[in-house]
Amino acid sequence: MACIASALKALCLSLLFVAIASRPTNKPEVFNVLRFGAKPDGKTDSINVFTNIWKSACASKGGSSKIYVPKGTFYLGGAVEFVGPCTNQIEFVIDGTLLAPSNPGDIEKGTWINFMYINNLLISGAGTLDGQGKESWPLNDCRKNPNCKLAKTMGFSFVNNSRINGITSLNSKMGHFDFFAVHHFNITGVTIKAPGDSPNTDGLKFGSCSNIHISDTHIGTGDDCIAILSGVTDMDISNVKCGPGHGISVGSLGKGKDEKDVNGLTVRDTVFNGTSDGIRIKTWESSASQIVVSNFVYENIHMINVGNPINIDQKYCPYPPCEKKGESHVQIQDLKLKNIYGTSKNKVAVKLKCSKSFPCKNVELVDIDLEGVKDGPSTAVCENVHGSAHGKMVPQQCLNGP
Ligand SMILES: *[C@@H]1O[C@H](CO)[C@@H](O)[C@H](O)[C@H]1NC(C)=O
Ligand SMILES: *[C@@H]1O[C@H](CO)[C@@H](O)[C@H](O)[C@H]1NC(C)=O
Ligand SMILES: *[C@@H]1O[C@H](CO)[C@@H](O)[C@H](O)[C@H]1NC(C)=O
């Protein structure tokens, strides 16, 4: 009997162990930054604490780790890198504020907080990333200096199947969120803010990414709300508010030699308020790469007092002198613009300036209603653009044939 009882006990115990061992898939192992010595005083540098926590959370086994940043201000006085691959899935919950150094020289890398080579990362919380960009904006000389360098607030490279939900990013030095070689990534409920005159403070910037969803996000900065560069495919944007800023921009494209196609962009139910541009595609006029920009749908877009609501510019040249070596080699095709309405600050509300060598093909305009706010009725400008128009057309369409 005693033998059977102890055998049962052993069985029970081992069952209990199995239960405990498998528990973390429901309940993550929590790494609270306070418990590891971070000080919520806005002064003590927490870089080492955060780096060590990441190492433990990343190497931990059992399913998932949760790094927790509670309320309070945590100073990260230089570049921090969170590098995978990790054995655990990581949840990074930020309820407090992460504060960047105000001296731009203190961040010796291109990115302040950088995530690399990770699968299954979730960043969430009600907290804030404060980039403290004010001191660096006057130092921005990127117009003249191609090697100009100020840090982006948060970067993701080679990160898959991940998301950001919540959190606010304030006053980046030079760009808020940067994505490179990121696949299957969702961004929801994010707020991004910097003054309308702060230079190069892009909200969300993407290169070589695929399957990206952005929704319920509010972006107001001094540069593009969303910038979409070479090699981005399958991106879905909905319920975004953009302004101030330069709109949702594809490009600039075509300048570099090894650029890739941009294919499959949907922008729906989005408001541009007081931006310089709304829907924008820009390609350099003498482009080195021959690529295709295709399958874009813009639908239900509200423009409020927008400088250039619809602006395709294949003669992009932001600052002279421009090399006028020829026409853009970027082919733009299969573009649908449907139910785009509101007000245009400039008289030209619709600008479709396509390449002479590669005219825009299959551009479909449906229900465009963009009024001028001054200088009388709005107008459209077309160059080398082919397609069709249906429904309401204010300004009158000017396509160069089917
Ligand atoms: C992410 O996905 C890409 C493309 O599918 C793949 O090449 C890469 O190895 C993946 N990276 C990670 C960290 O899983
Ligand atoms: C992103 O959102 C889409 C659409 O809601 C969903 O199908 C997909 O599974 C999500 N991906 C991630 C990585 O959360
Ligand atoms: C547009 O921006 C102005 C100025 O910031 C603001 O007063 C107004 O409420 C905004 N409109 C919408 C619809 O968001």
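Distant-in-sequence amide contacts of residue 31, defined by a placed amide H-H separation under 5 Å and a gap of 5 or more residues or a different chain, comprise 66, 67, 68. Stretched out straight at 0.36 nm per residue, the stretch from residue 234 to residue 52 would grow longer than its current Cα-Cα span by 61.9 nm. For the chain, the longest principal axis of the Cα atoms and the long axis of helix 2-22 meet at an angle of about 20 degrees. A straight line joining the Cα centroids of the range 126-202 and the range 262-325 runs 20 Å. Between residue 161 and residue 32, the modelled labels are 3.1 nm apart [label points 7 Å from Cα along Cα→Cβ]. Summary value for the range 291-390: 32 percent relative contact order, contacts being C-alpha pairs under 8 angstrom separated by 6+ residues. Using a simple spin-label model with pseudo-atoms 7 Å out from Cα toward Cβ, residue 216 and residue 149 lie 3.9 nm apart.
Rounded to the nearest 20 debye, the dipole size of the chain about its Cα centre is 500 debye, using +1 on the Cβ of Lys and Arg and -1 on the Cβ of Asp and Glu. Legend: P(r) of the range 190-286 from all alpha carbon pair distances, 10 Å bins from 0, whole percents, reading 18, 50, 29, 3.
For residue 94, what is the net charge nearby, where nearby means another residue's Cβ is under 15 Å from its Cβ and Lys, Arg count +1, Asp, Glu -1? Write down the numbers at each step before the final one.
Values: positive: 66, 71, 163; negative: 91, 95, 130.
Combined, the nearby Lys, Arg, Asp and Glu give 0.
Rounded to a whole number of µm²/s, how large is the Stokes-Einstein D of the chain at 25 °C and 0.890 mPa s, given Rh as the Kirkwood radius over C-alpha pairs? D = 108 µm²/s. Only Cα pairs under 8 Å and 6+ residues apart enter the sum, and on that basis the relative contact order of the range 85-228 stands at 21 percent. For the residues 339, 263, 52, a GNM of the chain with alpha-carbon springs under 10 Å puts the largest fluctuation on 52. Any chance you could check the Cα centroid distance between the range 43-106 and the range 341-393 for me, in angstrom? Measuring centre to centre over Cα atoms gives 47 Å. Between residue 257 and residue 269, full extension at 0.36 nm per residue minus the direct alpha carbon distance yields a gain of 0.8 nm.
Computing FRET efficiency as 1/(1 + (r/R0)^6) for residue 364 and residue 142, where r is the C-beta to C-beta distance and R0 is 56 Å, gives about 0.95.
Within the straight-line cut-off of under 19 Å between alpha carbons, the lysines reachable from residue 347 are 374, 392, sequence neighbours fewer than 8 places apart in one chain being disregarded. Normalising the average separation of contacting C-alpha pairs (under 8 angstrom, six or more residues apart) by the number of residues puts the relative contact order of the chain at 7 percent. The charge dipole of the range 264-402, taken about its Cα centre with unit charges on the Cβ of Lys, Arg, Asp and Glu (plus for the first two, minus for the last two), comes to roughly 220 debye.
Ignoring aspartates and glutamates fewer than eight residues from residue 241 along the same chain, the ones with Cα atoms less than 16 angstrom from its Cα are 202, 216, 223, 224, 269, 277, 299. In a fully extended conformation the segment linking residue 39 and residue 356 would gain 108.1 nm over its present Cα-Cα distance, using 0.36 nm per residue. Computed from the C-beta positions of residue 373 and residue 83 and an R0 of 35 Å, the FRET efficiency is 0.10 to the nearest 0.05. The Cβ shell under 12 Å around residue 238 holds other residues with a net charge of -2, Lys and Arg each +1, Asp and Glu each -1.
Could you work out the helix-only [θ] at 222 nm for the chain, with each DSSP H run of four or more residues adding -39,500 (n - 2.57) and the total divided by the number of residues, to the nearest 500 deg cm²/dmol? Roughly -3000 deg cm²/dmol at 222 nm, from the helical runs in the chain.
Of all lysines in the structure, those lying under 21 Å Cα to Cα from residue 149, and not within fewer than 8 positions of it along the same chain, are 109, 134, 173, 193, 205, 255.
Since only 105, 388, 215 are under comparison, the one whose Cα sits farthest along the positive direction of the charge dipole of the chain, derived from C-beta charges on Lys, Arg, Asp and Glu, is 105. The equivalent ellipsoid of the range 145-247 has semi-axes of 20, 16, 12 Å, largest first, where each one is the square root of 5 times an eigenvalue of the Cα gyration tensor.
The numbers here are math on the coordinates, done by the rules we state, and not lab data. None of these values were measured; they are calculated from a predicted model. Virtual Cβ from ideal backbone geometry, glycine too; neighbours counted across all protein chains shown.
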